[in-house]
Amino acid sequence: MIGQRESVSGAHFAFTDRWGGVSAAPYEELNLGGAVGDTPEAVKANRETAAEALGLDAARVVWMNQVHGAEVAVVDEPWGTGVPLRRSREGGTPVPEVDALVTARRGLALAVLTADCVPVLLADPVAGVVAAAHAGRPGMVKGVVPAAVRAMVELGAAPERIVARTGPAVCGRCYEVPESMRAEVAAVEPTAHAETSWGTPAVDVSAGVHAQLERLGVCDRAQSPVCTLESDDHFSYRRDRITGRLAGYVWLG
């Protein structure tokens with residue numbers, strides 16, 4: 001259920017795997033995505049189960065409608081208590097179409113959904129600021145992670161104090177793309193230039209994200225060794241197309 005969990009100076013980071021939930025095929029089992037075709041009842045139950053395993057109140061977890069962009073929302077409260085669906089409203093508050101969330105509210109958990117993209121969790125425990133970002137290939141190129149760091153700095157964070165953890169994602173050995181796309185990405189982020197294990201053009205989004213963080217002065221970084229496409233314990237859109245979503249959570253205790 002919780003495939004990876006870590007605490008650093010009161011900042012908590014967690015990434016789920018696909019097991020321990022109630023969703024039926026093809027979303028089995030712990031699908032946490034509310035806009036992939038699974039039933040809202042199953043997603044709600046899975047989110048409650050995951051929150052309980054982390055010692056969180058599911059109603060105090062903030063989700064977002066992810067659109068592969070670079071927009072950031074600074075939040076102080078959850079949008080509502082239901083399951084956010086794309087362009088839905090909860091408690092009268094629109095769930096924004098953003099790809100990063102930032103908060104300075106302790107005890108409020110931020111969540112990011114992925115199934116090959118890179119989930120990026122950031123925390124400055126001294127300033128009491130955390131962020132969660134969804135960095136797929138488009139978002140990495142558009143600069144969603146630098147945008148999240150800038151928003152953290154505006155709330156008092158310092159890049160040299162930020163702890164960064166990236167979760168399970170498709171690796172550069174498996175993320176095959178056309179040569180023209182690799183060239184476009186590498187023109188923006190050269191470290192993302194990669195080759196598959198079978199010798200064709202590829203993109204390494206995780207490498208690109210970590211290079212961006214390094215240039216911003218974020219030194220405490222760690223990357224999950226899990227490739228979602230290679231792992232049967234994780235959802236992968238590139239492998240299965242119709243599938244569930246993993247989640248990364250970050251919060252300050």
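Here, each number is a calculation from the coordinates, and none is a lab measurement. Source: prediction; values computed, not measured. Because the Cβ atoms are built from the backbone with ideal geometry, glycine has one as well, and the counts that use them run over all protein chains shown.
Write down Rg/Rh for the chain, rounded to two decimals, with Rg from the C-alpha atoms and Rh from the Kirkwood relation over Cα pairs.
Dividing the radius of gyration by the Kirkwood radius yields 0.94.
How many angstrom lie between the C-alpha centres of the range 194-253 and the range 1-56?
18 Å
Could you list which residues have their amide H under 5 Å from that of Asn65, counting only those 5 or more apart in sequence or on another chain, with H placed in the peptide plane?
Val98
Can you list the residues, at least 5 places off or on another chain, whose amide H is less than 5 Å from the amide H of Ile2, using H built in the peptide plane?
Here the answer is Asp17, since their amide H atoms fall under 5 Å of that of Ile2.
Between Ala211 and Glu41, what is the label-point separation in nm under the 7 Å Cα-to-beta-carbon projection?
Between Glu41 and Ala211, the simple spin-label model gives 4.9 nm.
Please list, in chain and number order, the residues 5+ apart from Gly21 or on another chain whose amide H is under 5 Å from its amide H, with Hs placed from the backbone.
Counting only residues 5 or more places away or on other chains, the set is Glu29, Leu30.
Taking only C-alpha pairs under 8 Å that are 6+ residues apart, what is the relative contact order of the chain in percent?
Over the chain, the number comes to 23 percent.
Mind listing the phi-derived Karplus ³J(HN,Hα) values for the range 124-140, rounded to whole Hz, using 6.51, -1.76 and 1.60 with θ = phi - 60°, and x for any glycine or proline?
Values, residue by residue: 10, x, 5, 7, x, 10, 10, 8, 10, 9, 9, 10, x, 4, x, x, 4 Hz.
Mind listing the phi-derived Karplus ³J(HN,Hα) values for the range 157-170, rounded to whole Hz, using 6.51, -1.76 and 1.60 with θ = phi - 60°, and x for any glycine or proline?
Once θ is set to phi - 60°, the couplings for the range 157-170 become 6, 10, x, 5, 9, 6, 9, 10, 10, 10, x, x, 7, 5 Hz.
Once you compute Rg and the Kirkwood Rh from C-alpha atoms, what is the Rg to Rh ratio for the range 181-253?
Rg/Rh for the range 181-253 comes to 1.01.
Could you derive backbone 3J(HN,Hα) for the range 221-226 from the dihedral phi with the Karplus parameters 6.51, -1.76 and 1.60 (θ = phi - 60°), listing whole Hz in sequence and x where the residue is Gly or Pro?
10, 9, 10, 5, x, 7
Based on the Cα gyration tensor of the range 1-141, what are the three equivalent ellipsoid semi-axes, each the root of five times an eigenvalue, rounded to whole Å and given largest first?
After diagonalising the Cα gyration tensor, the semi-axes are 21, 18, 16 Å.
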